[in-house]
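The values are calculated or read from the model by the stated rules, or taken from the named source; none is laboratory data. Only a predicted model underlies this, so the values are computations on that prediction, with no experimental measurement involved. We place every Cβ from the backbone using ideal geometry, glycine too, and count neighbours over all the protein chains shown. Just so you know, the surface numbers come from the protein's heavy atoms only, side chains and all, with ligands and any DNA or RNA stripped out. Shrake-Rupley method; radii C 1.70, N 1.55, O 1.52, S 1.80 Å.
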Amino acid sequence: MPADLGTHDRQARRGRSWSRAERPWAPRWISRLVALLGAVSVISALLPALRPRLGVLVEVVPRYAPPVATGFTLATGFVLIAVSRGLRRGKRHAWAVAVCLAAAAVALHLLKGLDVEEATLSAAVLAGLLATRRAFPAAADRPSWPAAMAVVAGAPAVAVLTGTAYLALRPRAIVGHPPLRLLAVQAAAGLVGLDGPVGFTSPHAATRTALLLATLGLTTTAGLLVVLLRASAAPPARSAEQTERLRALLRQHGELDSLSYFALRSDRSCIFSPTGKAAITYRVVGSVSLAAGDPIGDPEAWPGAIQAWLDDAARHAWVPAVLAAGERAASAFARHGLDALEIGDEAILDVAAFGLGGRDMRAVRQAVNRVRRAGITAAIERTGDLPPDVLDAVTTAADRWRVGRAERGFSMALGRFGDPSDGACVLVRATDGAGVLRGLLHLVPWGRHGLSLDLMRRDRNSDNGLVEFMVTELMAAAPGIGVRHVSLNFAMFRSTFARGERIGAGPALRTWRRILLVASRFWQIESLYRSNRKYRPIWTPRFVCFRAARDLPRIAIAALEAEAFIGRPFKRRPAVSRCDPAAGVAPARC
């Protein structure tokens, strides 16, 4: 190898050596060091300075300098703590702010009391920031402009009012009786470290006021930084052209995953592989880029789509995560550095093998016969063949039967009903002898020969066994509409319930099962497992994929929010209506 090429390669390796990909620990540890420096700065500012050092210092600098530097140190500490969150996410702007603050902290600690120890720590953190600059490549997110404008307009106003109130409540420290207008001017000038028109009766009072106002000013700046460095809103909505490309991929490869059709949810963004033969749909919730199901398209092109999605997450410092991935997709994600954890099983019915005979199906058989004797009948049709008035009536009934105000679902729900583009969906309607609608199932296509359950609703006053009746009628009619397999609900922690109730289960498994039984009082965990088990389904495992275990709490919160089990305060959820592709919240599957 020529010498110049060898030198070039070594330089290239050195240039990449501190990248975030090569040193994934750098943002995490640097953020901790910056937060530590912030905490030390706050504590140091609150503790009194050492008198011998302070005596030496006041011989060199003006007497008002140490108190003012103390106030700036206090505010700098709070800002460093706030910025550390952006550093953990690899934000370039957070790194630039931290570098400036760490450099300022070196001077401030020396100026406020010759605090050599704190200044040395600040210098060490500054050196670490400079050495790991390549580990912070993430571009700045688009800020939440309403929140940013509220902080920009509101925080200074609150700071000025606070400073004005402080001055008004200390008339003995002020020379004369200045009007409220001058007090406000004094407070505004003090926020940026300037002298105002108000005089003070003693240097101590002037220093104390300057310290308070300077701290308020830097705290206001910290609030603005927190808003500007927060996670961005979701990426741009999926375009009509991207949706059409997704539909084309589904027509060719939709058989691969029972959840593939849910990629058409309107609240998911889309990213394609370089060849355009595969895609991943995802939604950004907080700082988590949340995908669901398997990638769409040719499995040969999955790696390109996965890498493009991971690169996009790294560019914005989002945490990548996948909900309900199949085993094949989980292996593909694992090859790109993600870990996989089994979270449950999907119940799949084989139409050819399904029947009501045998002792195991006795409970279902009895429930179905009871509903038939009550005069309930079922109609199975494609939604594209139904008139608008029928779709309107079904939508009204489904909304009326919904439990709770929020529509739930993300990974296994479509989020709309009756849209003309979803004409291949299947609707099962159960009506009584008087023609009154008593229950419904809505299923989306799973390739050319399958269906996947999207929505299950029934009248609360209907006969027990209505759901079993609708499922059985669907399975009986399935061959006539070209359906070979049907995906039912997803049962979380199915294996825990199945193995934990057997003889010989270990204490750890039994304890985990008891915990899940308690949680089932609030969420449908065990009931979903038992309601699907009676159909003797084929259980297919589903996985959650994630980068690191420390991200699991954040991913869990994002998943619960996406599925509408929890919500952010003051965040209004849009209503889901029929034929509304802009609706962003999906109906629950049960």
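Here is how the numbers come out for the structure above:
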| quantity | calculated |
| --- | --- |
| From the options R172, R208, residue that is open to solvent by 50 Å² or more (accessible area, probe 1.4 Å), in a helix (DSSP H, G or I), at pLDDT 80 or above and not aliphatic (A, V, I, L, M) | R172 |
| Where Q307 falls short, out of the listed (1) within 14 Å of L338 (Cβ to Cβ); (2) in a loop (DSSP other than H, G, I, E, B) | (2) |
| Candidates D399, D350, filtered to the one that is in contact with a His (Cβ under 8 Å, 6 or more places away or on another chain) and open to solvent by 30 Å² or more (accessible area, probe 1.4 Å) | D350 |
| Hits in segment 372-393 (condition: assigned to a helix (DSSP H, G or I) and either surrounded by 17 or more Cβ atoms within 10 Å (Cβ to Cβ) or touching a Phe, Trp or Tyr at 6+ places or on another chain (Cβ under 8 Å) (or both)) | R372, T383, V390, L391 |
| In segment 446-456, the residues that are in contact (Cβ under 8 Å) with a residue 40 or more places away in the chain and buried (at least 22 other Cβ atoms within 10 Å of the Cβ) | W446, G450, S452, L453, D454, L455, M456 |
| Positions within segment 76-124 being closer than 25 Å to D312 by Cβ and of a type outside the set (D, E, K, R), in sequence order | V83, S84, G86, L87, G90, H93, A94, W95, A96, V97, A98 |
| Residue in segment 354-370 that is under 21 Å from A434 (Cα atoms) and open to solvent by 40 Å² or more (accessible area, probe 1.4 Å) present | yes |
| Of all residues making up segment 424-445, the number that are of a type outside the set (A, V, I, L, M), in a strand (DSSP E or B) and either modelled with pLDDT under 90 or open to solvent by less than 10 Å² (accessible area, probe 1.4 Å) (or both) | 2 |
| Subset tally (residues that are of a type in the set (S, T, Y) and in a helix (DSSP H, G or I)) for segment 245-269 | 2 |
| Subset tally (residues that are free of Cβ contacts under 8 Å to residues at least 12 places away in the same chain and farther than 24 Å from V486 by Cα) for segment 243-298 | 1 |
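Yes/no matrix, rows are residues, columns are (1) at pLDDT 80 or above; (2) open to solvent by 20 Å² or more (accessible area, probe 1.4 Å); (3) small (G, A, S):
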{"site": "V152", "(1), (2), (3)": "no, yes, no"}
{"site": "L161", "(1), (2), (3)": "yes, yes, no"}
{"site": "A165", "(1), (2), (3)": "yes, yes, yes"}
{"site": "A184", "(1), (2), (3)": "yes, yes, yes"}
{"site": "D195", "(1), (2), (3)": "no, yes, no"}
{"site": "S202", "(1), (2), (3)": "yes, yes, yes"}
{"site": "G223", "(1), (2), (3)": "no, yes, yes"}
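Conditions tested, residue by residue: (1) closer than 21 Å to A353 by Cβ; (2) in a helix (DSSP H, G or I); (3) at pLDDT 70 or above; (4) open to solvent by less than 30 Å² (accessible area, probe 1.4 Å).
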| residue | (1), (2), (3), (4) |
| --- | --- |
| A477 | yes, yes, yes, no |
| F497 | no, yes, no, yes |
| A508 | no, yes, yes, no |
| W512 | no, yes, no, no |
